[in-house]
1. Within the range 71-85, whose backbone N sits under 19 Å from a point 7 Å along Cα→Cβ of residue 130?
2. For the chain, report the convex hull volume of the alpha-carbon atoms normalised per residue, in Å³, without decimals.
3. Among 115-127, 99-111, what's the highest-first ranking by average C-beta atoms within 10 angstrom per residue?
4. Please find, in a Gaussian network model of the chain (springs between Cα atoms separated by less than 10 Å), the residue of 142, 30, 61 whose mean-square fluctuation is greatest.
5. Computed FRET efficiency, Cβ-Cβ of residue 139 and residue 23, R0 35 Å: what is it to the nearest 0.05?
6. Rounded to two decimals, what is the ratio between the C-alpha radius of gyration of the range 1-76 and 2.2 N^0.38 Å?
7. Quick one: length gained pulling residue 43 to residue 83 fully straight, 0.36 nm per residue minus the C-alpha distance?
8. Hey, what number do you get for the chain at 222 nm if only DSSP H runs of n ≥ 4 count, each worth -39500 (n - 2.57), divided across all residues, to the nearest 500?
Ligand SMILES: CCCCCCCC(=O)SCCNC(=O)CCNC(=O)[C@H](O)C(C)(C)COP(=O)(O)OP(=O)(O)OC[C@H]1O[C@@H](n2cnc3c(N)ncnc32)[C@H](O)[C@@H]1OP(=O)(O)O
């Protein structure tokens, strides 16, 4: 459970693999904003198992990728992942809570350089991640989702489109 006093951020959409509350196969991240950073408190469970007792690297990567998608609320742009690098520094035990924090490192035109770290309640940093997101406009999504779903995703969110300002 996150500390009170931080702004809760809405999921990208209800079925999102990372943060959708209606996706039973998802991570169901609850994400908060703390100034220019976003964070989530996550304990991987049996659905995310890799080696016995340990979280799968793909699940850790998915958590980082989705959390980076919440930095967009800070940047106030729509962007998508072009590259994602995860450094697995130590095994992540199932059931052990980690706080994953993400932020914009710097921006270069359409390129958003992002960084994240996952730190256990015991203070151990078990993974870090860097990503390059590229700013896109809403048309990026409209070829694949229904018009209704795409507009619902963005009208609920304080994200600006490149065209919309
Ligand atoms: C609403 C948000 C939800 C968030 C959910 C969580 C995040 C996600 O999982 S998003 C889903 C996964 N990602 C995707 O599906 C993206 C798929 N890729 C694409 O659609 C395209 O490659 C896309 C849109 C990223 C970029 O394509 P395009 O718009 O043609 O850009 P492109 O011209 O190739 O590159 C844009 C700029 O980035 C630069 N660039 C591209 N790749 C790199 C790279 N690896 N390193 C450095 N620079 C790069 C280019 O040189 C270019 O620079 P400039 O503007 O100065 O010329």
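A short reminder: the numbers here are calculations on the coordinates, not readings from a lab. Note that the structure is predicted; figures quoted are calculated from it, not measured. Cβ placement follows ideal geometry from the backbone for every residue including glycine, while neighbour counts extend to all protein chains displayed.
1. 71, 80-85
2. Roughly 119 Å³ of hull volume per residue.
3. Numbers: 115-127: 16.8, 99-111: 15.2.
Result, highest mean first: 115-127, 99-111.
4. Looking only at 142, 30, 61, the largest GNM fluctuation is found for 142.
5. Once the sixth-power term is evaluated, E becomes 0.90.
6. Compactness ratio reported: 1.11.
7. 11.9 nm
8. On the way: 3 runs with 32 residues, N = 165.
For the chain, the value works out to -6000 deg cm²/dmol.
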